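Below you'll find the structure, written out as structure tokens, and then a few comments.
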Amino acid sequence: MEGKRRVGCDAYVLRLCFNGVYLPAEILARRAKSMGMLLSTAMTDGSFQTWLVDRNEPMRLIIHGLERVEVWRQRQSGTLLLRGFEFDEGELQRWPQIWMCGTNLREMHEILGKMSHWLSAKYKEVKRGPHPHVRPG
């Protein structure tokens, strides 16, 4: 466990997708960022799997891992987008997922703002119902 603490990277994580669908920035901005330690492990097929775990209890998962994970984008500051496949906790279904990871919440918010138009366009490709979105009140 001490070895895991040495090799892990502390980060906030924001999942950009829900069941494989990109969410718009206005929804993502309201979501809590999960804080923990990123751990990556090489798999037998040469791919990587990454989890977000509790720094004090590395065996406690905060976010179930991404499989076949790769760094999709990385800023010089260290904020990055990880792309892979996420499974539900029962490992029954899998979908594409993007994690925004960083140590600076302000920068993560700025990046989300820069991605806003793209995220909204991706969301609109999927959400095309004849009825406007109405939240129960």
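Brief remarks on what is shown
- Any chance H117 is at pLDDT 95 or above, open to solvent by 90 Å² or more (accessible area, probe 1.4 Å) and not charged (D, E, K, R): yes
- Residue count, segment 29-54 (criterion: loosely packed, with under 15 Cβ neighbours inside 10 Å, in contact with a strand residue (DSSP E or B) (Cβ under 8 Å, 6 or more places away or on another chain) and outside any strand (DSSP E or B)): 4
- Test for L66: is it within 24 Å of G20 (Cβ to Cβ) and open to solvent by less than 60 Å² (accessible area, probe 1.4 Å): yes
- Qualifying residue in segment 77-100 (condition: open to solvent by 20 Å² or more (accessible area, probe 1.4 Å), under 19 Å from G8 (Cα atoms) and out of contact with any Lys or Arg (no Cβ under 9 Å at 6 or more places or on another chain)): yes
- Annotation note: Cβ proximity below 7 Å between a residue of segment 42-57 that is within 14 Å of V69 (Cα to Cα) and a residue that is open to solvent by 30 Å² or more (accessible area, probe 1.4 Å) and not in a strand (DSSP E or B) (sequence gap 6+ or interchain) occurs for Q49/M43.
- Index of the failed condition, M59 passing every other in (1) modelled with pLDDT under 90; (2) closer than 15 Å to P96 by Cα; (3) exposed (fewer than 15 other Cβ atoms within 10 Å of the Cβ): (2)
- E26 in a helix (DSSP H, G or I), open to solvent by 20 Å² or more (accessible area, probe 1.4 Å), closer than 26 Å to W118 by Cβ and of a type outside the set (A, V, I, L, M, F, W, C): yes
- Count - residues of segment 101-114 that are open to solvent by less than 70 Å² (accessible area, probe 1.4 Å) and either of a type in the set (G, A, S) or not in a strand (DSSP E or B) (or both): 7
- Where a residue in segment 61-79 is without any contact (Cβ under 8 Å) to a residue 40 or more places away in the chain and its partner, wherever it lies, is assigned to a strand (DSSP E or B) and open to solvent by 80 Å² or more (accessible area, probe 1.4 Å), with Cβ under 6 Å and at least six apart: V69/F48; E70/R83; W72/R83
The values are calculated or read from the model by the stated rules, or taken from the named source; none is laboratory data. In this text, all values refer to a predicted model and were calculated from it rather than measured experimentally. Note that each Cβ is placed from the backbone with ideal geometry, even for glycine, and that neighbours are counted across all protein chains shown. SASA here: full protein model, heavy atoms, side chains in, ligands and nucleic acids out. Shrake-Rupley method; radii C 1.70, N 1.55, O 1.52, S 1.80 Å.
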